[in-house]
Amino acid sequence: MSFVRLAAIAIVLFAALPAKAQIKCGAFNPSAAPPAPRTESDAVKTFERINAKVKTQPHRLLYFGDSITERWDEPLWDAKRVWDANLAPRGVLNAGVSGDRTEHLRWRLDHGNLDGPAPKGVIVMIGTNDLGHGRSPAEAAEGVRQVLLELRQKLPNARILLLGLTPRGGAPWDPLRIAVSQVNQMLGSCADGQMLWATDIGQPLLDAKGMLSQDLSPDYLHFNAAGYERIAPGLDQWIDKAFGSQ
């Protein structure tokens, strides 16, 4: 076979490879915390439950996150009815672990949370605990970018819906609220509108003055059922847009 023919075949094969192993946004910070496991018993148990669920429970989408994700689907919290009415019918499996930072999620991706059948898509909302841990918005955003790169490498054909961090603090001038907005602005640049979408689902939680009510978020971080009901319709629409209906 001639060199020209070999080169032509190589070009065709290269073009056929998924052009999805890249993220549109560049680095936000020179470094990110390396992947690290959690050692607290509750976190370990939740991680192990997720490893089991991805192998045994039918699903088409994985929703990775922290407590804001995990609490949405826990019988202990009254918000589960909102999950059951909105996310469950769309084939979403809850893969949130309370207290997780970006490096913890990266570790989970390497240690079993992706060991089930490849999902059609992934929803990601992580990083608020990075801010709560004292990291800068750029450091938090870089941690999220590393999560996206990991997902691209491990699930090159899966679509990703990246959710901005939800509001923290009661008022728009709260330092953590400002930091959240800065992170979300950076993460928005990662979307390509084809294999990766980015959106802020938290705006319906705020009133006309940008205030977050304790009627929706008693601790100005986590949400009750009323809070989840505010964000569920917008998230439903984005899931249907990014991944199609069941």
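The values are calculated or read from the model by the stated rules, or taken from the named source; none is laboratory data. These numbers come from a predicted model, not from an experiment. Here the Cβ positions follow ideal geometry from the backbone for every residue, glycine too, while neighbour counts run over all protein chains shown.
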Which one of the conditions (1) more than 12 Å from the chain's Cα centre (by Cα); (2) among the hydrophobic types (A, V, I, L, M, F, W, C); (3) crowded, with 22+ Cβ neighbours inside 10 Å; (4) more than 18 Å from residue 199 (Cα to Cα) does residue 79 fail to meet, given that it meets all the rest?
(3)
The residue from 165, 221, 161 that alone is part of a loop (DSSP other than H, G, I, E, B), surrounded by 22 or more Cβ atoms within 10 Å (Cβ to Cβ) and at pLDDT 95 or above is 165
Name the pairs whose Cβ atoms lie under 9 Å apart, with the first residue in region 233-246 and among the acidic types (Asp, Glu), the second crowded, with 16+ Cβ neighbours inside 10 Å and assigned to a helix (DSSP H, G or I), and 6 or more positions between them or separate chains?
236/86; 236/90; 240/90
In region 172-203, residues that are exposed (fewer than 14 other Cβ atoms within 10 Å of the Cβ) and either in contact (Cβ under 8 Å) with a residue 24 or more places away in the chain or in a loop (DSSP other than H, G, I, E, B) (or both) total 3
Which of the residues that make up region 110-119 are closer than 16 Å to residue 43 by Cβ and in contact with a strand residue (DSSP E or B) (Cβ under 8 Å, 6 or more places away or on another chain)?
113
Subset of region 53-108 that is assigned to a helix (DSSP H, G or I) and of a type in the set (Val, Ile, Thr) - its residue that is nearest to residue 149 (Cα to Cα):
102
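For every residue, the table says whether it meets (1) surrounded by 22 or more Cβ atoms within 10 Å (Cβ to Cβ); (2) touching a Ser or Thr at 6+ places or on another chain (Cβ under 8 Å).
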| site | (1), (2) |
| --- | --- |
| 91 | no, no |
| 96 | yes, yes |
| 103 | no, no |
| 121 | yes, no |
| 124 | yes, no |
